[in-house]
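Report on the following structure.
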Amino acid sequence: MGFPKGFLWGGAVAANQCEGAYLEDGKGLSVPDMLLGGDVNTPRTFCPTIEKGVFYPSHEAVDFYHHYAEDIALFAEMGWTVFRFSINWGRIFPNGDDEEPNEAGLAYYENVIDECRKHNIEPLITLCHYEIPWAIVTKYHGFVDRRVIDLFVKYATTCMKRYKDKVKYWLTFNEINIVLHEPMIGNLYGTGLVEQVDLDRTEPCMLNELTTVPQRTFEALHNEFVASALTVIEGHKINPDFMIGNMIAYTALYPLTCNPKDLLECQWLDHWKNDFCSDVQVRGYYPDYIMKYFEREGIDTSFITEEDKAIIKEGTIDFYTFSYYMSNCITVDPNAEKSGGNLSAGYKNPYLKASDWGWQIDPDGLRWCLAKLHDRYPDTPLMVVENGFGAYDKVEEDGSIHDSYRIDYFRPHVKAMKEAIDLDGVPLIGYTTWGPIDLVSAGTGQYAKRYGFIYVDRHDDGSGDFSRSRKDSFFWYKKVCESNGEDID
Ligand code: BG6
């Protein structure tokens, strides 16, 4: 009973949200470098050129680039056995299409990996976490251009060859389904598809004003499926022991009422937002409900070539990973009260409380998702690679941070995973909390939306000295990791 021996405990970050050093050691610009901060009520803005004298949160982030040894030592102190981080593509191929990789970038990540290994922490690497090189956006419009498939595979296999004896676990695209949750943000962050009309802008524009063309969005997403499958195929040639996974943004969805129309709407949105991408990546083919949708909507599916179908079939993933933060309700009633959530808005659930950013807290939803995923993909190991609570933290005069609200969020989520293992037989292999050290929020660009067990002195006005300190939740999570999830009090 309980978490199996060898269960992986740790945390997850993305390069662009924690590293900073945005042009150091030969790195090229990447998408998040072009984004300004927003807040809970104001969307982030973007401008195709970097403005002087303006604060860009990712440019320095929390300076993990220079603090990685100190930070990994803190992770080890918590008893971690896994650390999920991303390689920033632009550190390895600054323009995305360079002939030769940038040795300084490869050496930097080798140091990070070695530091993990020194502490017996297993690295879990995301190859693309919302950080497509900016030059790929301007020159190719991201993944809508088929040439980017080969550029990605070249980048991915360069990393896999270099670290083949030091890294076992790899993820291809972070939250590949993000374009289905939110096409404007999803294209900019996820597929790098920015239309020329937006690249020609001379004034900053809000992310929810970007142009999206459904036909091109599906083509870009398809090319990511092919790139991901080719990475799986090529990766296994480099090291047959590699475990190469997908990554899905998962939001539990419930019908708001027992009106059958709500149920049908919920079933469709569940397919659309949660199931579609992993059905392709786990089962190896496009599901019927999407092919029928394409037909209804007049999407020309000639981009799904016979050759691509064979690649997708062959390159199915070894394990399924997902982010889980919240649940939402679905209804056909337009007058129902909306929930918050910058990426996954739905309708309010009267039984749940929400974070200050409107994300509805629902640990039972995590158990429900795990059970559903195991039913859907019975032969596939599962891993929760993001789960966490963004909150405002207060530093006391003596420097302590009493974040009991964060512990209150995590405790029932850990319990829910245990129940999924014990009661539903879910083959869960690991858990990495999101933002174990404070970092820049992807959705709002804020520092103030803090997720960490470790506090970083850095603020939305650009002040702070980047010093690190342990919050109360640090000591709680240490207990959880060290007891293999048994001691959660
Ligand atoms: C996930 C992303 O969607 O949620 C992360 O993979 C992100 O990059 C996390 O940071 C939390 O979202 P936010 O908007 O609070 O940073």
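The table below gives the values:
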item	result
Distance between modelled label sites at Asp165 and Asn259, nm, 7 Å Cα→Cβ extension	6.3
Heavy-atom accessible area ranking, 1.4 Å probe, most first, across Glu307, Glu397	Glu397, Glu307
Phi-based couplings in Hz for region 117-131 (Karplus 6.51, -1.76, 1.60; Gly and Pro marked x)	4, 4, 9, 6, 9, 7, x, 10, 9, 8, 7, 8, 10, 6, 9
Global form of region 252-329, assessed from the alpha-carbon gyration tensor, a/c cut-off 1.5	oblate
Whole-Hz ³J(HN,Hα) from phi, Karplus 6.51 cos²θ - 1.76 cosθ + 1.60, for region 239-248, glycine and proline x	8, x, 7, 4, 10, 10, x, 9, 8, 10
Accessible-area order (highest first, 1.4 angstrom probe) of the listed residues Arg470, Arg44, Arg376	Arg470, Arg376, Arg44
Residue order for Ser327, Ser400, Ser467, Ser302 - accessible surface, 1.4 angstrom probe, largest first	Ser302, Ser467, Ser400, Ser327
Descending semi-axes in Å of region 296-448, equivalent ellipsoid built from Cα gyration tensor	32, 22, 18
With DNA, RNA and ligands ignored, accessible area of Phe55 (1.4 Å probe; Å², nearest 10)	80
Whole-angstrom gap from region 204-238 to region 285-343, using each part's C-alpha centre	13
Per-residue ³J(HN,Hα) for region 309-314, Karplus 6.51 cos²θ - 1.76 cosθ + 1.60, θ = phi - 60°, Hz, x for Gly and Pro	4, 5, 5, 4, 5, 6
Dipole magnitude of the chain about its Cα centre (Cβ charges: Lys, Arg +1; Asp, Glu -1), debye to nearest 20	780
For region 1-158, the spread of Cα positions along each principal axis, largest first, Å	50, 39, 33
Full-stretch length increase - Glu396, Ser469 - with 0.36 nm per residue and alpha-carbon distance subtracted	25.1 nm
Alpha carbon centroid spacing (whole Å) that separates region 1-28 from region 132-173	17
Extended-chain gain in nm, criterion 0.36 nm per residue less alpha-carbon gap, Lys5 and Arg147	46.8 nm
Cα-based Rg and Dmax for the chain, where Dmax is the largest Cα-Cα distance (Å)	21.0, 64
Hydrodynamic radius of region 91-233 per Kirkwood, over alpha carbon pairs, in Å	16.0
Length added when fully stretched, Asn111-Glu314, from 0.36 nm per residue minus Cα-Cα	69.8 nm
Per-residue SASA entry for Glu337, accessible area with 1.4 Å probe, Å² rounded to 10	120
Listed residue pairs exceeding 29 Å between alpha carbons, taken from Lys161/Lys292; Lys154/Lys313; Lys5/Lys168	Lys161/Lys292
Rounded to the nearest 10 Å², the accessible area of Leu263 at probe 1.4 Å	100
Rounded to 5, percent antiparallel among DSSP beta bridges of the chain	20
The chain, relative contact order [Cα under 8 Å, separation at least 6], %	18
Nitroxide proxy distance, nm - points 7 Å out along Cα→Cβ at Lys353 and Glu482	2.8
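The values are calculated or read from the model by the stated rules, or taken from the named source; none is laboratory data. The model shown is predicted, which means the values in this text are computed figures rather than measured ones. Using ideal geometry, Cβ is built from the backbone for each residue, glycine included, and neighbour counts are taken over all protein chains shown. Areas reflect the complete protein model, heavy atoms only, side chains present, ligands, DNA and RNA absent. Shrake-Rupley method; radii C 1.70, N 1.55, O 1.52, S 1.80 Å.
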